[in-house]
2 protein chains.
Amino acid sequence: MLKVIRSSFLDFIDDPFYTSEAASVRYLEDGLLVIENGKIKDFGTYEQLQEKYAGIDAIAYPDKLIMPGFIDTHIHYPQTAMMAAYGEQLLEWLSKYTFPTEAKFKDKNYAAAIATVFLDELLKNGTTTALVFAAVFPESVDAFFEEAERRNLRMIAGKVMMNRNAPDFLLDTAQSSYDETKALIEKWHQKGRLLYAVTPRFAITSTDEQLDLAGKLLSEFPDVYLHTHLSENVNEVQFVAELFPNSKGYLDVYDQAGLVKEKSIFAHGVQLTEQEFKRLSETKSAISFCPTSNLFLGSGLFKLHQAKSTETPVKVGLGTDIGAGTSFSLLQTANEAYKVVQLQGEKLSSFKALFLATLGGARALSLEDKLGNFEIGKEADFIVLDPKATPAMALRNADFPVKTLEDIADKAFAIMIMGDDRTIEVTYIMGEIAYQSI
Amino acid sequence: MLKVIRSSFLDFIDDPFYTSEAASVRYLEDGLLVIENGKIKDFGTYEQLQEKYAGIDAIAYPDKLIMPGFIDTHIHYPQTAMMAAYGEQLLEWLSKYTFPTEAKFKDKNYAAAIATVFLDELLKNGTTTALVFAAVFPESVDAFFEEAERRNLRMIAGKVMMNRNAPDFLLDTAQSSYDETKALIEKWHQKGRLLYAVTPRFAITSTDEQLDLAGKLLSEFPDVYLHTHLSENVNEVQFVAELFPNSKGYLDVYDQAGLVKEKSIFAHGVQLTEQEFKRLSETKSAISFCPTSNLFLGSGLFKLHQAKSTETPVKVGLGTDIGAGTSFSLLQTANEAYKVVQLQGEKLSSFKALFLATLGGARALSLEDKLGNFEIGKEADFIVLDPKATPAMALRNADFPVKTLEDIADKAFAIMIMGDDRTIEVTYIMGEIAYQSI
């Protein structure tokens with residue numbers, strides 16, 4: 001059965017960091033999105049398509065803006081209840097707050113309860129796909145994927161691998177992490193919309209042997225993901241250098257284990273060297289830029305302009321990094337991304353930021369064949385935004401809907417600076433309503 | 001008639017930057033606040049006061065936290081509709097966005113309409129007192145004060161003085177700014193709860209003559225305020241040095257005109273020198289720290305630890321600086337203040353941040369005899385916060401209300417990092433409900 005949606009639409013058909021904005025943005029002031037069996041069957045202006053679908057009652061969202069669902073490229077679901085943990089930078093924050101919290105995820109019932117709240121929050125914030133850290137316990141992965149499967153979400157997740165430099169109650173071994181991950185891949189990867197990521201926490205909490213086994217898993221299952229942390233904090237980078245004296249740098253630790261490749265997503269990269277940006281570029285790896293987290297932990301300012309340079313282009317997505325991040329909203333995350341870029345004397349337009357949150361995220365996750373914009377054949381995960389969601393936004397965006405690209409750039413900027421979960425009115429998953437604000 | 005409020009209460013009786021937190025914070029898990037004729041008549045634990053007020057039905061807010069109303073020490077009401085203006089740093093942002101917007105405030109009806117929305121936003125965000133820039137037009141001051149008076153708010157505002165380096169349609173002259181300001185002081189200062197601030201925009205837009213006349217006004221009306229901008233942006237500081245070759249620095253420009261004294265509030269101070277911090281300290285002047293604005297315009301990181309040093313202590317309040325600021329919420333502003341401090345490797349506890357938003361703000365504005373905490377005799381402007389205002393906060397603060405100072409520090413931190421206008425359930429002005437979320 002066909003479903004026809006009528007509203008204003010904004011998506012990206014190319015990367016505005018490399019192509020002109022006019023050539024990469026697609027804005028239909030009055031458009032139709034046609035869905036069949038959860039996928040996009042047609043997309044165009046109302047004028048173009050109205051006759052073709054004249055027999056079907058359109059679901060209309062007047063004065064709203066429809067975008068592809070947001071993609072969060074780095075988030076920890078076990079940290080949902082420990083947001084806003086006070087006063088530490090990365091390594092101390094992990095010991096003091098994170099590890100005790102993650103210990104609770106041995107209990108599958110607790111894990112399932114948090115997974116439910118977590119996925120509710122994602123949908124409420126317009127995030128339809130995420131790359132997710134579970135905890136070290138396989139139960140935590142099962143709990144997450146069961147809930148994601150129930151909701152028919154395209155989610156990527158994995159069991160944390162960590163066999164040193166953490167409390168005993170959180171440690172696996174190199175061999176157990178290999179065995180458990182392998183079993184989880186066989187159980188969940190490609191089950192419905194679910195995908196698996198081999199997930200060593202970071203170099204500090206894995207031995208060479210564990211990292212090598214992570215690499216072995218990637219070669220045995222070449223289409224699974226690699227998801228880890230990289231060069232977030234100065235002390236972390238230094239500790240990695242001490243732990244791996246034979247490496248040429250932090251990224252090289254992963255590289256030696258065979259973990260740096262397409263479908264490898266590295267969170268943060270705040271402290272990366274020029275050489276490391278180059279290596280990420282040539283391996284087609286991706287970085288998840290997590291501005292609220294980088295500011296909250298005082299890690300520093302990610303060099304987005306260097307990652308998105310023409311010389312060594314690296315795939316970049318946005319990440320909330322809950323629980324070090326301070327908001328589930330990718331709009332709020334874009335707000336902070338803008339500030340991080342401003343502090344470096346650069347600019348981040350609304351189109352560039354929203355590209356990172358949609359098609360850019362899909363490309364970072366090698367999912368651009370399935371998600372990220374309204375191309376025909378893609379999965380119909382999309383969100384209805386209200387540009388006038390609060391009185392202050394209603395004043396700022398009083399003249400929405402607008403006609404020109406320049407005007408929609410301006411309105412979209414107001415949405416990303418002033419918006420939050422309240423801006424998301426409806427979230428559709430595979431063409432079905434999965435969240436509705438009212 | 002007496003009004004008795006029962007809930008949990010948090011306020012400050014001293015400055016936690018200089019005194020131990022235990023000695024500066026007052027937390028009553030179960031307290032009573034007694035109000036008579038808009039002022040605080042009594043305050044203490046329920047146990048202490050229940051018998052004394054047994055005959056009066058208490059208004060109870062179970063599971064909520066009551067704090068003194070927030071104080072915003074720097075905000076521009078004419079910029080309410082121009083939040084989230086894209087892509088520029090300070091000087092270009094002023095020319096491109098701010099000046100055209102402020103031109104509209106020659107029309108008193110427009111000014112009145114914006115003043116209404118603006119004050120609605122303040123109350124919705126729990127801000128009960130603010131130090132406010134109007135526009136250059138006296139009509140804009142009248143419109144603002146009329147609306148503030150109608151609501152019985154304690155507000156400080158002033159007409160912008162600016163006679164150069166801006167479009168003609170926004171310029172006054174040294175003499176007209178003196179005359180108009182004088183007339184406005186006589187009309188509004190000390191009228192009910194209203195107070196006046198002599199408000200040269202900043203050194204760049206005033207001649208020596210205008211600054212001298214601002215100084216003359218301060219000597220003629222010794223209890224009015226001085227409100228201006230100071231050392232926000234590197235290019236601004238350099239331009240000031242060119243414009244005032246005989247000054248020893250940016251602050252010295254104001255000092256030579258007699259503008260640096262108690263009741264002088266300088267917004268930003270991001271680029272201040274050690275010598276300038278010292279001068280602000282010895283003159284008992286205050287700085288308004290505006291973190292969302294400083295990040296949004298890429299101005300830099302305010303050195304809060306230097307301002308609050310023991311050697312040269314400077315009074316500091318928080319400012320949203322709408323429209324360069326990105327939120328009307330002083331909770332969101334405290335969130336960003338935390339991040340600015342973290343990026344400098346320092347810490348900002350919830351108590352310190354919330355002190356800045358309440359008693360610290362009152363001290364910065366020399367209003368600590370009237371506002372800022374629940375001392376008997378002060379004006380009863382206060383707010384009821386819901387520590388579980390959103391699902392994510394409900395999870396994080398599940399065990400609120402709590403008993404110990406350590407626990408309330410933690411819950412307050414979650415409130416300031418995750419909270420926004422939704423956290424404000426009720427705003428009381430002089431003991432009367434002025435805003436209610438439901």
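Bear in mind these aren't lab numbers, they're just calculated from the coordinates by the rules spelled out. Computed from a predicted structure; not experimentally measured. Reconstructed Cβ throughout: ideal geometry from the backbone, glycine too, with neighbour counts over all protein chains shown.
Before moving on, here are some points about what is shown:
- Taking θ as phi - 60° and the Karplus parameters 6.51, -1.76 and 1.60, the scalar couplings of the stretch B:191-205 work out to 7, x, 9, 7, 9, 10, 10, 5, 10, x, 4, 6, 3, 4, 9 Hz in sequence order, x denoting glycine and proline.
- Peptide packing: for A:62-72, A:119-129, the average count of neighbouring Cβ atoms within 10 Å per residue gives the ranking A:119-129, A:62-72, highest mean first.
- Label-to-label distances for A:Ala23 across copies, nearest first, come out at 6.7 nm, using points 7 Å from Cα in the beta-carbon direction.
- Inter-label distance, nm, simple model (7 Å from Cα along the C-beta direction), B:Asp407/A:Lys403: 6.1
- If you run the Gaussian network model on chain A, springs between alpha carbon atoms under 10 Å, then out of A:Lys216, A:Lys284, A:Lys263 the most flexible one is A:Lys216.
- 3J(HN,Hα) from dihedral phi, the stretch A:83-100, Karplus parametrisation 6.51/-1.76/1.60, rounded to Hz, x for glycine, proline: 4, 6, 9, 7, x, 10, 8, 3, 5, 5, 4, 4, 5, 6, 10, 6, 4, x
- Taking θ as phi - 60° and the Karplus parameters 6.51, -1.76 and 1.60, the scalar couplings of the stretch A:416-423 work out to 6, 7, 9, x, 7, 4, 5, 6 Hz in sequence order, x denoting glycine and proline.
- Amide H within-cut-off set for A:Lys315, under 5 Å, with H built and near neighbours excluded: A:Ile287
- With contacts taken as Cα pairs under 8 Å at a separation of at least 6 residues, chain B carries a relative contact order of 20 percent.
- Here the spin labels are modelled as points 7 Å beyond Cα on the Cα-Cβ line, and at B:Gln306 and B:Ser20 they lie 3.1 nm apart.
- When the Cα gyration tensor is reduced to axis lengths a ≥ b ≥ c, the ratio a/c stays below 1.5 for the stretch B:70-328, which is therefore classed as rounded.
- With the helix formula -39500 (n - 2.57) applied to DSSP H stretches of n ≥ 4, the protein assembly as shown reaches a computed 222 nm mean residue ellipticity of -10000 deg cm²/dmol.
- Candidate lysines for bridging to A:Lys303, where Cα separation is under 18 Å - those fewer than 8 sequence places away on the same chain excluded: A:Lys278, A:Lys284, A:Lys315, A:Lys339, A:Lys347, A:Lys352, B:Lys339
- Distances, shortest first, from the label point of B:Glu92 to those at the same position in the other copies read 3.8 nm; the point lies 7 Å along Cα to C-beta.
- Among A:108-115, B:219-226, A:152-159, sorting by the average number of other beta carbon atoms lying within 10 angstrom of each residue, highest first, gives A:152-159, A:108-115, B:219-226.
- In chain A, the longest principal axis of the Cα atoms and the axis of helix A:234-243 are about 40 degrees apart.
- Angle of helix A:330-342 to the longest C-alpha principal axis of chain A, folded into 0 to 90 degrees and rounded to 10: 70°.
- Counted residue by residue at 0.36 nm each, then reduced by the alpha carbon distance between them, the extension gain from A:Leu2 to A:Lys104 reaches 32.3 nm.
- Backbone N under 20 Å from the A:Lys191 label point (7 Å along Cα→Cβ), restricted to the stretch A:118-148: A:118-120, A:129-148
- Cα shape, the stretch A:70-199, gyration tensor, a/c 1.5 rule: oblate
- Over 18 Å (Cα to Cα) - which of B:Lys106/B:Lys159; A:Lys378/A:Lys411; A:Lys108/A:Lys159 fall in this group: A:Lys378/A:Lys411
- The angle separating the long axis of helix B:108-124 from the principal Cα axis of greatest extent in chain B is about 40 degrees.
- Selected from A:Leu395, A:Leu367, A:Leu90 as most flexible by GNM, with chain A as the system and alpha-carbon contacts under 10 Å: A:Leu395
- Mean partner shielding of peptide B:107-114, defined as the number of other chain Cβ atoms within 10 Å of each residue Cβ, is 0.
- With label points set 7 Å from Cα along Cα→Cβ, the inter-copy distances at A:Ser176 are 7.9 nm, sorted shortest first.
- The calculated FRET efficiency for A:Asp30 paired with B:Lys261, based on their beta-carbon distance and R0 = 60 Å, is about 0.55.
- Averaged over A:405-411, number of beta-carbon atoms from partner chains that fall within 10 Å: 1
- Look at the alpha carbon pairs under 8 Å that are at least 6 residues apart: their mean separation over the length of the stretch B:301-434 gives a relative contact order of 24 percent.
- The stretch B:70-328: relative contact order in percent, alpha carbon pairs under 8 Å with at least 6 residues between: 20
- Taking amide H as placed 1.01 Å from N in the peptide plane, the amide H of B:Asn233 sits under 5 Å from none that are at least 5 places away or on another chain.
- For B:Tyr225, the residues whose amide H sits under 5 Å from its own are B:Tyr196, B:Ala197, B:Val198, ignoring neighbours fewer than 5 places away on the same chain, with H placed 1.01 Å from N.
- Averaged over the residues of A:332-345, the number of partner chain Cβ atoms lying within 10 Å of the residue Cβ comes to 4.
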